[in-house]
Each structure stands twice: as structure tokens, then as C-alpha cells.
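Just below is one structure, and these are the notes that go with it.
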Amino acid sequence: MAGKKAATLPRKAYEKELLRLQTELVKLQEWVRASGTRLVVVFEGRDAAGKGGTIKRVAEHLNPRVATITALPKPTERERTQWYFQRYVENLPAAGEIVLFDRSWYNRAGVEHVMDFCTKEEHQLFLRQCPIFERMLVEDGILLRKYWFSVSDTEQQERFRRRLDDPLRRWKLSPMDLESITRWEAYSRAKDEMMVHTDISEAPWYVVESDDKRRARLNMIAHLLDSVPYRDVPPAVLELPKRPESTGYVRTSRDLQTYVPDHAANL
């Protein structure tokens, strides 16, 4: 059923608030690093729900050595024989790190289940084990935040259409993405069943209305910041050193090096 689309947030207001929130994300990062905190943020939702764009805005000004984006490909033949959660455990953060999961272990509750990439028994086992797995993460001290990006059927279809017409974004579409249009209700049922089993007090789901991507990004980032008890960590005092006096070095002749052509001069 089509949902009511919220009014689009004006770009100027969006960009101003995004910059403020991104500044706070840098403070959050420095607190994570200084305190040795381990932070995991899970981004889930339907195809074209706006997860990828939000992750980009979250990570845009963060240190990639501290905050990493994890988007695992389909499992290898060896990984198929492992405990399902095993390859995700390998990507969990160490002290002072943030991991942003662009899709996560919840693949089994969504696409794998709906597209019959796993058995019914494997799906049911996941629903039983997932709350236990996440409680173990939280009990071990990991801060776990889970966001579900909710997009209406009409908005999703419009985004798919725009991707088809855009050579810069056409790569985002796959046959499986288009198949999701015909299985809208199946994905809805799978999501509802997933929520029943995995929306636990230790690691609740937070739903982000994402028909307006700008609102979704701001709302998600603001919520994340409000949910973590970070504090401002004063940066180290740095001063630029004085450049030492020349000792007679002569730069190599430009004729001995190959330079990139000045493409910009032709614009």
C-alpha cells in the first residue's frame, strides 16, 4: 500500500544541519577512539530505501582507520559451511573502532528467506539464535544500534526508475532488486516476522521513515548521536614546525618526469 510522502526538506536547511551533525560525529569518533569503545551500527531496509546514501553521510568526515563500512559479498563455498554468524563476527570492531554494516546478518531474515537462498530450517534457526547473538555482543560491551529504513512501494519504484535512467547509478540495480518489486508483500511479512523475534530490549530496532532522503539522514544521525553517551575529547595541541634552512637541494628537472596532462585547461 502506498504511503503518504512527507514534504521534502529544503536543501539549505538540510545542508546546514547535516554539517552540524557531521561535526558531532567527528566528536563521537574521537570519544570512541579515546575511550576504547566498540560501536556497531546496522543499516537495514528494502532496496533503494536510502541506506547507502545515509552511510556515506555518516562516514564522510570520519577517519577510515576508525570508522569502517562493511558490506559483505555473498558467502563463499567455505563460508556456507560455517556457523552463519561467523563471518560477521570477524568484522566486529576492536577497542576504539566503529563498524557500519551496510546490510548485516539480517540478510538471512530478508533476501535469503524471501528468495529461497536458505532453507526454512535455517531461517527459523536464525530467528532463534539472533537475539542470543546480539545479547552476547551487548553483554560484552559492544554498543549496538540497528536502523530499519522504511520506504513506500511507490517511492521505491520511482527510485528504481530513476536509477534505470541514470548511467551513474544504473550499477545499483540488479535483477534481484527488480524482483523485489514483485515480492513486496513477501518482504513485508519477512520484515514483520524478523521484528517480532529480534526487536529486543538489549538491541531494539529503530525505524527511519525514508521517503524523504534528507529527513531520513538527519533523523538517523541525530538519533545515533543522542543514543551514545559521548563527550567532547579535547584534541592534542599541534603546532606547525618551522621549515629548516635549505641545505642546497636542487629539484629534479621536470623534463625527467611524466606529468598528467592538464585536462582542466580545456574546460
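The values are calculated or read from the model by the stated rules, or taken from the named source; none is laboratory data. Since the structure is predicted, the reported quantities are computational estimates derived from the model, not experimental observations. Quick reminder, even Gly has a Cβ in these numbers, built from the backbone with ideal geometry, and neighbours come from all protein chains shown. Areas reflect the complete protein model, heavy atoms only, side chains present, ligands, DNA and RNA absent. Shrake-Rupley method; radii C 1.70, N 1.55, O 1.52, S 1.80 Å.
Do you know which residues across the range 205-250 are of a type in the set (Gly, Ala, Ser), assigned to a helix (DSSP H, G or I) and surrounded by 14 or more Cβ atoms within 10 Å (Cβ to Cβ)?
The answer is Ala216, Ala222.
Where residues in the range 159-204 are under 25 Å from Cys130 (Cα atoms), of a type in the set (Lys, Arg) and part of a helix (DSSP H, G or I), which of them is most open to solvent (accessible area, probe 1.4 Å)?
Checking each candidate, the answer is Arg189.
So for the range 40-51 (the condition being surrounded by 13 or more Cβ atoms within 10 Å (Cβ to Cβ), modelled with pLDDT of 95 or more and over 25 Å from Asn107 (Cβ atoms)), does at least one residue qualify?
Scanning the range 40-51, I find no residue that is surrounded by 13 or more Cβ atoms within 10 Å (Cβ to Cβ), modelled with pLDDT of 95 or more and over 25 Å from Asn107 (Cβ atoms), so the answer is no.
Which members of the range 68-114 meet the condition of being open to solvent by 30 Å² or more (accessible area, probe 1.4 Å), in contact (Cβ under 8 Å) with a residue 60 or more places away in the chain and not acidic (Asp, Glu)?
Listed by number, the residues that qualify are Arg103, Val111, His113.
Could you grab the pairs with beta carbons closer than 6 Å, sequence gap of 6+ or different chains, first residue in the range 56-67 and more than 14 Å from Gly96 (Cβ to Cβ), second one part of a strand (DSSP E or B) and open to solvent by less than 20 Å² (accessible area, probe 1.4 Å)?
Close Cβ pairs (under 6 Å, with a partner that is part of a strand (DSSP E or B) and open to solvent by less than 20 Å² (accessible area, probe 1.4 Å)) amount to Ala59/Ala67.
Answer yes if at least one residue in the range 53-64 is of a type in the set (Gly, Ala, Ser) and over 19 Å from the mean Cα position of the chain (by Cα), and no otherwise.
No: zero hits.
Looking only at the range 130-155, count how many residues are aliphatic (A, V, I, L, M) and closer than 23 Å to Ala222 by Cβ.
Result for the range 130-155: 5.
Just give me the residues in the range 101-115 being part of a helix (DSSP H, G or I) and aromatic (Phe, Trp, Tyr), in sequence order.
Trp105, Tyr106
Could you please find all residues in the range 60-100 being part of a helix (DSSP H, G or I) and not aromatic (Phe, Trp, Tyr)?
Glu77, Arg78, Glu79, Arg80, Gln86, Arg87, Val89 - these are the residues of the range 60-100 that are part of a helix (DSSP H, G or I) and not aromatic (Phe, Trp, Tyr).
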